[in-house]
1. Can you pull out the trypsin sites (Lys or Arg not before Pro) in the range 28-61 whose DSSP state is coil and whose Cβ has at most 14 other Cβ atoms within 10 Å?
2. Taking H as built 1.01 Å from N, whose amide H comes closer than 5 Å to the amide H of V85, not counting residues under 5 places away?
3. So who's got an amide H within less than 5 Å of the one on L45, skipping anything under 5 residues away but keeping other chains? H placed 1.01 Å off N, in plane.
4. Quick one: Karplus J couplings for the range 65-74, per residue in order, coefficients 6.51, -1.76, 1.60, θ = phi - 60°, nearest Hz, x for Gly and Pro?
5. Contour minus end-to-end for A96 and A28, with contour as 0.36 nm per residue of separation and end-to-end as the Cα-Cα distance?
6. Could you go through the range 28-36 in sequence order and give the Karplus-derived ³J(HN,Hα) for each residue, using 6.51 cos²θ - 1.76 cosθ + 1.60 with θ = phi - 60°, rounded to whole Hz, and x for Gly and Pro?
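Nothing in this text is a laboratory measurement; each read-out follows from the coordinates by a stated rule. From a predicted model like this one, the values you see are computed outputs, not experimental measurements. Backbone-built Cβ (ideal geometry, glycine too); neighbour counts: all protein chains shown.
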Amino acid sequence: MEELFGAFLNLLGPLRDDERILSAVVFAAWRKAAGKQLSERAKPLQFRHKRLTIAVENESWRSNLEELSSDILYRLSTVLGHGIVTFLEFRVDMSAFGAESEAISDLIDKPDAIRELRPRARA
């Protein structure tokens with residue numbers, strides 16, 4: 001799948017400079033890099049000037065994901081290639097989620113999805 005994103009970006013050629021098109025690719029790459037659980041709880045809002053803004057459900061998610069931002073950037077670079085996304089901003093924004101997710105997120109102390117991103121020993 002990673003090769004697919006890289007090949008697609010190469011095929012875009014001059015269209016790669018169009019932030020709307022690049023945003024769509026980055027948003028799709030987010031779902032791949034973040035994984036199913038995390039992408040349900042952290043949703044891309046905006047991509048501009050190599051900065052990806054991600055909506056999260058609460059302050060706990062924001063704080064934990066900020067701590068992991070270098071690992072998340074590494075995963076995005078693996079999918080997209082180096083330098084496409086250089087900064088992540090996590091913003092609490094419940095409007096990006098359904099009403100039921102607010103009640104669920106209040107019950108979650110330390111989400112399992114965050115543990116998926118913890119650095120593992122790289123071979």
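1. Details: sites: R31, K32, K36, R41, R48, K50, R51; in loops: K50.
Qualifying residues, ordered by number: K50.
2. The list, which skips near neighbours in sequence, is empty: none.
3. Here the answer is T53, I54, A55, since their amide H atoms fall under 5 Å of that of L45.
4. 6, 4, 4, 9, 4, 5, 5, 5, 4, 4
5. On the way: separation 68, 0.36 × 68 = 24.48 nm, distance 1.62 nm.
The span from A96 to A28 would gain 22.9 nm if fully extended.
6. 5, 5, 4, 4, 6, 6, 7, x, 4
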